[in-house]
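First comes the structure, then the notes that go with it.
The values are calculated or read from the model by the stated rules, or taken from the named source; none is laboratory data. Source: prediction; values computed, not measured. Positions of Cβ are backbone-derived with ideal geometry, glycine not excepted, and every protein chain shown enters the neighbour counts.
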Amino acid sequence: MKAEPAACRLCGDLRIRCVGAIPDSDYFAGRVLPKPLDGGHLWKCDACQSMFRHPVLGAFAYLDLYAAGAADEWSADGRQDLAIIRGIIAQQTRRGNVLDVGCGAGDFLLTLPAELTKYGVEPSVAAAAAARERGVSIPAPTLAQLPPQLGFDVITMIDVIEHVAEPQGLLDQALSHLAPGGSLIIATGDASNALWNRVFRSRFWYSSFPEHLTFPSLRYFHIWHEGRGLQAPTAVKLKYRRIPIWRAALYLVSQVAYLVSPWLLNQVGQGIERSRRAPCPRRRCFSPGAPGVFTDHQIVRIRRLP
C-alpha cells in the first residue's frame with residue numbers, strides 16, 4: 001500500500017494525483033549503496049503543475065548521503081544551460097559576487113570572469129575541499145548555514161532544487177541573501193514536458209534518480225514570486241546537453257526499455273557490471289540516463305526589484 005501525501009509539497013494544494021511507482025535505486029551521488037532506497041511514487045499537482053516524489057527520507061539522511069558522495073559526480077562538460085546562464089550573468093554584472101548553491105568542485109564558477117568574486121555552498125565534503133583548492137570560497141555546506149550578513153548579486157541553483165523536498169524553504173533562504181536588483185537563476189527539469197507527463201511518467205529518466213525529489217514547474221515559480229518584491233519569472237526551455245545522434249538513439253532505447261521493464265534493464269546492467277569486473281559493491285538497480293534526448297529542462301530567472 002503506497003503512502004499518500006496530504007497535499008502538494010510545493011504549493012500546498014489538495015488537487016494531487018499519483019502518476020505511478022518509481023523503481024528502487026542503490027546508486028546515490030556517485031556511490032553504490034549497501035541497500036536500495038525505496039523509489040516511492042511520483043505525484044502531480046493539478047494546481048501548480050509540478051511533480052514530486054513521495055515518500056522521501058528526512059533532510060539529515062540526505063545530507064549524510066551527499067556528504068559521502070563522490071567529488072566528481074556532477075560534471076559541467078557538454079552542458080547547454082551553462083552557456084546561457086553565463087550570458088545572463090554577463091548581461092547583469094561584470095563585477096560583484098556570485099553564489100553557486102551546490103557548487104560541487106567549482107567547475108561552473110571557474111568558467112565565470114575573474115572580476116567576479118566566487119562563493120559556493122556544497123554539502124559533499126570531498127567536493128567542497130576540491131572547490132576550496134581551486135580558489136572558491138565555501139562559507140557553509142548549505143544555504144541554511146550561510147552567515148546571514150552575506151549578500152550576493154547573483155545566486156545560481158544549477159541542478160539543485162530537484163534535490164530538496166521543500167523547495168519554498170530553499171528559495172526563501174536564497175532570497176534572504178539576494179541583493180536588490182540581483183538575479184536568482186535556477187536550472188532544473190521541466191515538469192511540463194509532454195513525454196514525461198503522458199508517456200514515461202514515473203519511469204522517466206530524470207525522475208528515476210534517487211537524489212531527485214521535487215520537480216517544480218514554471219507555474220510554481222510564478223506562484224512563489226508573488227508578494228516577495230520580485231519581477232515575474234522568465235524561462236528558457238532546452239535540452240540538457242548536445243549529444244551525437246548515435247548516443248541519443250542509445251539513450252532512447254534504454255529509456256524505452258526502462259518503461260517496458262525496469263527488471264530487464266537491471267539484468268542487463270548487472271551483466272555489464274560482471275563482465276567488466278566492477279569492484280564491489282556492485283550496482284543491482286539501474287535506470288536510464290538520457291540527458292540531451294528530450295527538451296526536458298528549463299532555466300528560470302527571477303530578479304529582485306531594486
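Assorted remarks:
- Considering only residues in the range 255-286 that are of a type in the set (Ser, Thr, Tyr) and either farther than 15 Å from Ser207 by Cβ or modelled with pLDDT under 95 (or both), the one that is surrounded by the fewest Cβ atoms within 10 Å (Cβ to Cβ) turns out to be Ser275.
- Filtered residues of the range 117-128 (kept if assigned to a helix (DSSP H, G or I) and farther than 14 Å from Asp159 by Cβ): Val125, Ala126, Ala128
- Hits in the range 219-249 - residues which are basic (Lys, Arg) and either surrounded by 17 or more Cβ atoms within 10 Å (Cβ to Cβ) or closer than 25 Å to Ala83 by Cβ (or both): Arg219, Lys237, Lys239, Arg241, Arg242, Arg247
- Matching option when the condition is in a helix (DSSP H, G or I), more than 29 Å from Tyr220 (Cα to Cα) and not β-branched (Val, Ile, Thr), among Ala61, Ala114, Ala131, Ala144: Ala131
- From the options Gly104, Gly69, residue that is in a loop (DSSP other than H, G, I, E, B), closer than 16 Å to Ile186 by Cα and in contact with a helix residue (DSSP H, G or I) (Cβ under 8 Å, 6 or more places away or on another chain): Gly104
- Restricting attention to the range 4-22, the residues being more than 10 Å from Phe52 (Cβ to Cβ), among the aliphatic types (A, V, I, L, M) and free of Cβ contacts under 8 Å to residues at least 60 places away in the same chain number 3.
- Scanning the range 158-213 for residues that are among the hydroxyl-bearing types (Ser, Thr, Tyr) and closer than 19 Å to Leu143 by Cβ returns Ser176, Ser183, Thr188.
- Among the conditions (1) buried (at least 17 other Cβ atoms within 10 Å of the Cβ); (2) of a type outside the set (Gly, Ala, Ser); (3) part of a loop (DSSP other than H, G, I, E, B); (4) more than 15 Å from the chain's Cα centre (by Cα), the only one that Asp153 does not satisfy is (3).
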